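> Following this message is one structure expressed as structure tokens.
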């Protein structure tokens, strides 16, 4: 189809310029105005006015330029459906976060490995302690791993045993003479002489402080199972009375209750010689050394009396079993366990106190706690 300039055949039309278009290869055109004219498609170009405006033939669609159909306005979604806006994260920040995540993961793995290694070390140390205990069956200061038959009995019958202990405590508090007390205590004949020197009546009425209650519990880490009753007397001074089982009933362990040994810390301070006698006290780590007990050869401790007011310095040779056991009891060198501040124990001492009158050597660690086997 080739366009060519159309002849101005209509004299009545002014200012009209058009193109005549012939369709090549098409069918026969139907005349538009007369039988001799071909099918024409024209484009009117120009600004002139025409005298006549042709109207659209009826029945034929008129195509007009117009605005497109308006689309419905955008609806804003509620926040509950759209969710909060997420900030844009740069690639650099993303790489930094991935690096931090990897570093945190490696740190967690390293921590887990350290904990596993520490637990394994503690388990090996525990096996070593079991073997040492087997080679020294008379040594009772080691921590017990299992409850013995007596401890199981106390745990099973704790309710009725506590009631018996409370009745004994009432009788002990009401006693006004040594003759009334001796039938209530353990090994009365053995402790009679010390009780004659050191025993004092309860001394308060009422027996307990106003509004005070007695705390009861079973001794599990002691050398022998027992019931402990703690509270405050009528004058608000504390007490801790220990009862053990002998035969079918309970008896008061006066030595363990008062922290009384063969020689007292107060007597040592007054110049008494230890002479390898039993002393009951509270052992605490210390940093005091002297010429007789240098740091290069000994470990230093304080041995405090039951009242917490008096003490002497005690020492254990670095290579001794006593120093090794105390190191374990105080959890020194442990990564997992908190260090113990103090432990009650029964020990044997030797020496005369030295130049200061306060320095003694621990020759034997008898047992943890003040209840003897």
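> What number of residues within the stretch 264-281 satisfy the criterion of being assigned to a loop (DSSP other than H, G, I, E, B) and out of contact with any strand residue (DSSP E or B) (no Cβ under 6 Å at 6 or more places or on another chain)? Lay out the reasoning, then the answer.
Step one: filter the stretch 264-281 for residues assigned to a loop (DSSP other than H, G, I, E, B), giving 264, 270-277.
If we keep only those that are out of contact with any strand residue (DSSP E or B) (no Cβ under 6 Å at 6 or more places or on another chain) too, we end up with 264, 270-272, 275, 277.
So the answer is 6.
> Looking at (1) more than 14 Å from residue 349 (Cβ to Cβ); (2) outside any strand (DSSP E or B); (3) in contact with a strand residue (DSSP E or B) (Cβ under 7 Å, 6 or more places away or on another chain), which is the only condition residue 319 fails?
Just one mismatch for residue 319, condition (3).
> Still on this structure: Failed condition for residue 213, given (1) surrounded by fewer than 11 Cβ atoms within 10 Å (Cβ to Cβ); (2) in contact with a strand residue (DSSP E or B) (Cβ under 9 Å, 6 or more places away or on another chain); (3) at pLDDT 90 or above, with all others met?
(3)
> Another question about this same structure. Among (1) surrounded by 13 or more Cβ atoms within 10 Å (Cβ to Cβ); (2) out of contact with any helix residue (DSSP H, G or I) (no Cβ under 8 Å at 6 or more places or on another chain), where does residue 172 come up short?
(2)
> Report yes if residue 218 is under 39 Å from the mean Cα position of the chain (by Cα), under 26 Å from residue 178 (Cα atoms) and touching a residue at least 12 places away in the same chain (Cβ under 8 Å), otherwise no.
no
> While we're on this one: For residue 244, state whether it is surrounded by 14 or more Cβ atoms within 10 Å (Cβ to Cβ) and assigned to a loop (DSSP other than H, G, I, E, B). First the steps, then the outcome.
On the way: surrounded by 14 or more Cβ atoms within 10 Å (Cβ to Cβ): yes; assigned to a loop (DSSP other than H, G, I, E, B): no.
Criteria not met by residue 244.
> To continue, here is another question. Evaluate the stretch 191-209: report whether one residue or more is surrounded by 15 or more Cβ atoms within 10 Å (Cβ to Cβ), within 29 Å of residue 312 (Cβ to Cβ) and in contact with a strand residue (DSSP E or B) (Cβ under 6 Å, 6 or more places away or on another chain).
no
> Consider residue 193 against the criteria (1) in contact (Cβ under 8 Å) with a residue 12 or more places away in the chain; (2) under 28 Å from residue 303 (Cβ atoms): it satisfies all of them except one. Which criterion is unmet?
With respect to (1) in contact (Cβ under 8 Å) with a residue 12 or more places away in the chain; (2) under 28 Å from residue 303 (Cβ atoms), residue 193 is out only on (1).
The values are calculated or read from the model by the stated rules, or taken from the named source; none is laboratory data. Bear in mind the structure is a predicted one, so any value in this text is a computation, not a measurement. Backbone-built Cβ (ideal geometry, glycine too); neighbour counts: all protein chains shown.
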